[in-house]
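**Student:** Handing you a structure now.
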Amino acid sequence: MRALRLTRPGRRDRHSLFATAGQRTPRRRQLSLALTAVVSITNAISLGLLSHLLFHKSIANGRELIVPGALIWLTNILIFAL
């Protein structure tokens, strides 16, 4: 605890965007919800494009579709795990 006080000597007010871990601020919550929404919409668009390639293009190498699909899946796991 002493090291934490040395690195952050000033006390943050409760309306700060970067409040301590125990404090939850409405601004921080709105920011995290907005970021989650942006990533979810981006993943949905990526999944739509990947589905379009799967159904409407003749791709000889399956690896061209597996890698982007795995990246979309991994992004979902990382975002919703945090």
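The values are calculated or read from the model by the stated rules, or taken from the named source; none is laboratory data. These numbers come from a predicted model, not from an experiment. FYI the Cβ positions are ideal-geometry reconstructions off the backbone, even for glycines, and counts take in every protein chain you see.
**Student:** Looking only at the stretch 38-59, filter to residues that are part of a helix (DSSP H, G or I) and of a type in the set (Gly, Ala, Ser); which one of those is farthest from residue 80 (Cα to Cα)?
**Tutor:** Top of the filtered list is 51.
**Student:** Only residues that are surrounded by 12 or more Cβ atoms within 10 Å (Cβ to Cβ) and hydrophobic (A, V, I, L, M, F, W, C): list them for the stretch 50-82, please.
**Tutor:** Hits for the stretch 50-82 are 50, 53, 54, 65, 71, 72, 73, 79.
**Student:** Kindly evaluate residue 32 against the criterion of being at pLDDT below 90, part of a helix (DSSP H, G or I) and under 11 Å from the mean Cα position of the chain (by Cα).
**Tutor:** For residue 32, the condition - at pLDDT below 90, part of a helix (DSSP H, G or I) and under 11 Å from the mean Cα position of the chain (by Cα) - is met.
**Student:** Quick one: is residue 20 modelled with pLDDT under 75, surrounded by 11 or more Cβ atoms within 10 Å (Cβ to Cβ) and either more than 28 Å from residue 80 (Cα to Cα) or hydroxyl-bearing (Ser, Thr, Tyr) (or both)?
**Tutor:** Yes; evaluated as a whole, the condition is true for this residue.
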